[in-house]
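Colleague: I am attaching a structure below and will ask some questions about it afterwards.
FYI, it's all coordinate maths here, none of it is from the lab. Keep in mind it's a predicted model, so treat the numbers as computed, not measured. All Cβ positions, glycine included, derive from the backbone under ideal geometry; neighbour counts span all protein chains shown.
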Amino acid sequence: MVKFLGVIFLLVVLTFPALAGEGILYLNSGELKQGELLVLKVETTEHAPTGTFRGVNLHFIPWEMGWVAFFGISYWTQPGDYQLKIHLGEKEITRTIVVLDGDFSESHLTVSEEQEKLIRPSEEDKEIIERRGRDQKAVQNAYSNPITMPLWEEDFILPTTGWRTTGFGHTRYVNNELNNRHSGIDIANEAGTPIKSVNQGKVKLAEDLLVTGKTIIIDHGGRIFSSYSHLSKIEVVVGDMVERGQKIGEMGSTGFSTGPHLHWVIRTPEAFLDPDQFVGNDIFSLLDIPE
Ligand SMILES: [Zn+2]
């Protein structure tokens, strides 16, 4: 889709270093859209740096003569200038990162009262509220204690074939009330279409949830996760190590869904990200140091 070309373009933006004493900071870009991944590397022989972006801690992992951190820019982060602060021993490196509007479009959805209850339960729907609470805990648990080191060795792939129905970040109104932004990409096709893991990883959740139906969450390491919802069939269990391209289930319409489709998410623990920026791109290649 044409609207995603801008996102893909991000991934070819040159790295640009900022000299700072014995540490050199590389960023994938100084301007990022809502839903994009900030990638940074500190080249140093010293011990691990620490740092914050918008006051939130960065998590550095050792990588090729230095340290790398990934940080997801939320689609709720207001466009504007934000401070990136890196501490290397006594030294502090600061940079301004510009967050740009993701320019998300809107969609309107009309559903039956029964389906609406699933997403907007009234007070008497205690059972639904309890079930949603349990589901949320299970999902939070899946995203806690992320695997530190990246498990992937190649670029990310698309999880299935079909046609796109709802893009990332679309602001969704259900029966004319603001429901949410769309946390992933919807790909529709016939029920039973194979769903594949977008990269190597470890299964952290594989169960039937009320709203997202049969759902799989995979931890790819490096604080990058993918999830796959509304499946008709789950073919993995929690703890499984999966390969890039391995079939993990089949497309369906379980949970809050109006027809067979995959709801596909890529995220860090802090934010949902536009999945398209990962496809066909090795995110470490962004950090190749210029000669
Ligand atoms: Zn969706």
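Colleague: State to the nearest 20 debye the size of the charge dipole of region 106-277 about its Cα centre, where the only charges are +1 on K and R beta carbons and -1 on D and E beta carbons.
Modeller: Dipole about the Cα centre, nearest 20: 280 debye.
Colleague: Please report the equivalent ellipsoid semi-axes of the chain, computed as sqrt(5 x eigenvalue) of the Cα gyration tensor, largest first, in whole Å.
Modeller: For the chain, the semi-axes come out at 34, 20, 18 Å.
Colleague: What is the set of long-range amide H partners of Asn175 at a cut-off below 5 Å, with H atoms built 1.01 Å from backbone N?
Modeller: Under 5 Å from the amide H of Asn175: Leu109, Thr110, Val111.
Colleague: For every helix of n ≥ 4 consecutive DSSP H residues, a contribution of -39,500 (n - 2.57) applies; sum these over the chain, divide by its total residues, and give [θ] at 222 nm rounded to the nearest 500 deg cm²/dmol.
Modeller: Roughly -3000 deg cm²/dmol at 222 nm, from the helical runs in the chain.
Colleague: So what does the Cα-only Debye profile of region 106-277 read at q = 0.11, 0.20 Å⁻¹, as log10 I(q)/I(0), no solvent term?
Modeller: -0.43, -1.45
Colleague: Between Gln78 and Arg164, what is 0.36 nm times their sequence separation minus the Cα-Cα distance? Round to one decimal in nm.
Modeller: Full extension from Gln78 to Arg164 adds 28.3 nm.
Colleague: Same structure again: By how many nm would the segment from Val56 to Val238 lengthen if fully extended, with 0.36 nm per residue of separation less the alpha-carbon distance?
Modeller: 62.6 nm
Colleague: Here is a further query. Can you compute the modelled spin-label distance between Glu190 and Asn141, with each label point 7 Å from Cα toward Cβ, in nm?
Modeller: Distance between the two pseudo-spin positions: 3.7 nm.
Colleague: Could you tell me the distance between the Cα centroids of region 128-160 and region 196-232, to the nearest Å?
Modeller: Going from one Cα centre to the other spans 6 Å.
Colleague: Separate question: Reachable lysines from Lys91, Cα under 19 Å, same-chain residues fewer than 8 places away excluded?
Modeller: Within the straight-line cut-off, Lys91 pairs with Lys41.
Colleague: Loop-only chymotrypsin sites (Phe, Trp or Tyr not before Pro) in region 37-81, please: DSSP not H, G, I, E or B, and at most 16 other Cβ atoms within 10 Å.
Modeller: Passing sites in region 37-81 are Trp76.
Colleague: Ordered by packing density, taken as the mean number of other Cβ atoms within 10 Å over each peptide's residues, highest first, how do 194-200, 133-139, 93-99 rank?
Modeller: 194-200, 93-99, 133-139
Colleague: Please enumerate, by chain and number, the aspartates and glutamates with C-alpha under 14 Å from the C-alpha of Lys204, excluding those fewer than 8 residues away in the same chain.
Modeller: Output for Lys204: Asp135, Asp219, Glu235, Asp240.
Colleague: Working from Cα positions, state the angle (0 to 90°, nearest 10) between the long axis of helix 126-143 and the longest principal axis of the chain.
Modeller: Approximately 30 degrees, to the nearest ten.
Colleague: So which lysines pass the test for Lys117, namely a Cα distance under 23 Å, with those fewer than 8 places away in the same chain ruled out?
Modeller: Lys126, Lys137, Lys214
Colleague: Mean projection of the alpha-carbon convex hull of region 209-291 over all orientations, in nm²?
Modeller: Averaged projected hull area, Cα only: 6.8 nm².
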